[in-house]
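**Q** Here you go, one structure.
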Amino acid sequence: MPSARKREGVGLYERYLSVRIARHDAESPDHVALVITERDLLERGAYETLADFFEWAFEYARRVTVYVSVLDADAIPALRRELETVDAPREIAVRTPDDPSQADAPIQIGIGLGGKHEFTAAVRTLAESVDAGELEPDEINDERVENHLVFPSEPDLVIKTGAERLSDFMIWQSVYSELYFTDVNWRDFRERDFLRAVREYCNRSRRFGR
C-alpha cells in the first residue's frame with residue numbers, strides 16, 4: 001500500500017482519502033478494472049483522464065484492465081490506435097474481438113471484447129482439443145478454462161462509471177470481484193472518485209463466494 005505522502009497538485013480532500021486508505025487495515029486492490037464506453041472516449045479530454053487513471057491506479061495496484069464497450073464495430077480500429085498510444089506508466093496490451101490472443105501486460109485493454117464472446121471462444125477451443133483427441137472431457141476444469149481466456153487475471157475491484165448496471169465484461173473472472181458503481185460520468189471522473197472506490201473496497205469484507 002502506498003504511503004500517504006503529499007503529492008504536488010493533489011487537493012486536500014484527495015490527500016485525506018489517501019491517508020484514510022493508507023491507515024486502513026485491509027489491503028488495497030492489486031488488480032483494478034475499469035468499465036467505460038465508446039461514447040465516453042468521444043468526450044473532450046477522455047484519453048487524458050485515462051492516462052491520469054493509470055497513474056492513480058498504479059499507486060495501489062500492479063495490474064489494470066480497461067473494458068471499452070462499443071455499439072459501432074467500425075469504430076474499433078480507430079479506438080485501438082488511440083488506446084495503444086495513450087501516455088501510460090506501464091506496457092499496454094490492447095485486444096479486440098478479431099485479436100483473441102491472451103493479453104499479458106500490466107495494462108490490459110479490451111475493446112468490444114465481451115465476456116460472453118471471450119468465454120465462448122475458450123470453450124470452443126477446449127471442445128476442439130477434445131474432438132482432436134488431445135484432451136479428455138473430464139480433464140476440463142477451471143484452470144484450463146482460465147488458461148484460454150484473453151484476460152485470465154481476476155480483478156479485485158471493478159469500477160463502472162456513469163450508471164449502476166452490469167456489463168458483458170469478464171463474466172468469468174469478476175465473479176468474486178468487488179463492484180463499485182458511480183454515477184459520475186467518465187468526462188467528470190477525478191482522482192477523488194477513484195480514491196473513493198479504493199476506500200470502499202478496503203471497507204468491504206470479501207467473502208469470495210463463501
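**Q** Consider V123 carefully, then state whether it is at pLDDT 90 or above and either farther than 30 Å from G45 by Cα or in contact with a strand residue (DSSP E or B) (Cβ under 6 Å, 6 or more places away or on another chain) (or both).
**A** No: the conditions fail for V123.
**Q** Could we say that A103 is at pLDDT below 95, crowded, with 18+ Cβ neighbours inside 10 Å and either within 17 Å of the chain's Cα centre (by Cα) or not small (G, A, S) (or both) here?
**A** Answer is yes for this residue.
**Q** Can you pull out every residue in the stretch 126-142 that is at pLDDT 85 or above and in a helix (DSSP H, G or I)?
**A** Across the stretch 126-142, the qualifying residues are L126, A127, E128, S129, V130, D131, P137, D138, E139.
**Q** When the stretch 65-74 is examined, which residues are found to be surrounded by fewer than 18 Cβ atoms within 10 Å (Cβ to Cβ), of a type in the set (A, V, I, L, M, F, W, C) and either at pLDDT 95 or above or assigned to a helix (DSSP H, G or I) (or both)?
**A** The one that is surrounded by fewer than 18 Cβ atoms within 10 Å (Cβ to Cβ), of a type in the set (A, V, I, L, M, F, W, C) and either at pLDDT 95 or above or assigned to a helix (DSSP H, G or I) (or both): A73.
**Q** If I ask for residues that are open to solvent by 20 Å² or more (accessible area, probe 1.4 Å) and modelled with pLDDT of 95 or more, which ones from the stretch 186-199 would you list?
**A** Residues satisfying the conditions are D188, R190, E191, R192, R196, R199.
**Q** On to the next question. With the structure loaded, tell me whether R62 is within 15 Å of the chain's Cα centre (by Cα) and surrounded by fewer than 20 Cβ atoms within 10 Å (Cβ to Cβ) or whether it fails that test.
**A** Yes.
Here's the yes/no breakdown for (1) part of a helix (DSSP H, G or I); (2) among the charged types (D, E, K, R):
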| position | (1), (2) |
| --- | --- |
| R15 | yes, yes |
| I21 | yes, no |
| I36 | no, no |
| L50 | yes, no |
| P77 | yes, no |
| D98 | no, yes |
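**Q** Within the stretch 5-23, identify whether any single residue is more than 14 Å from the chain's Cα centre (by Cα), farther than 20 Å from R196 by Cβ, modelled with pLDDT under 95 and exposed (fewer than 13 other Cβ atoms within 10 Å of the Cβ), and answer yes or no.
**A** Yes; the residues of the stretch 5-23 include at least one that is more than 14 Å from the chain's Cα centre (by Cα), farther than 20 Å from R196 by Cβ, modelled with pLDDT under 95 and exposed (fewer than 13 other Cβ atoms within 10 Å of the Cβ).
**Q** Next question, about the same structure. What pairs come out if I take residues in the stretch 89-105 that are touching a residue at least 12 places away in the same chain (Cβ under 8 Å) and under 26 Å from D74 (Cα atoms) and pair them with residues that are open to solvent by less than 80 Å² (accessible area, probe 1.4 Å) and among the basic types (K, R) whose C-beta lies under 8 Å away, six or more apart or interchain?
**A** V94/R80; T96/R80; S101/R95; A103/R95
**Q** Being closer than 19 Å to E59 by Cβ and surrounded by 13 or more Cβ atoms within 10 Å (Cβ to Cβ) narrows it down to one of T125, T182, so name that one.
**A** T182
The values are calculated or read from the model by the stated rules, or taken from the named source; none is laboratory data. A quick note: this is a predicted structure, and the numbers were derived from the prediction, not measured. With ideal geometry, Cβ positions are generated from the backbone for all residues, glycine too; neighbour counts draw on all protein chains shown. These accessible areas exclude ligands, DNA and RNA; they are computed on the full protein's heavy atoms, side chains included. Shrake-Rupley method; radii C 1.70, N 1.55, O 1.52, S 1.80 Å.
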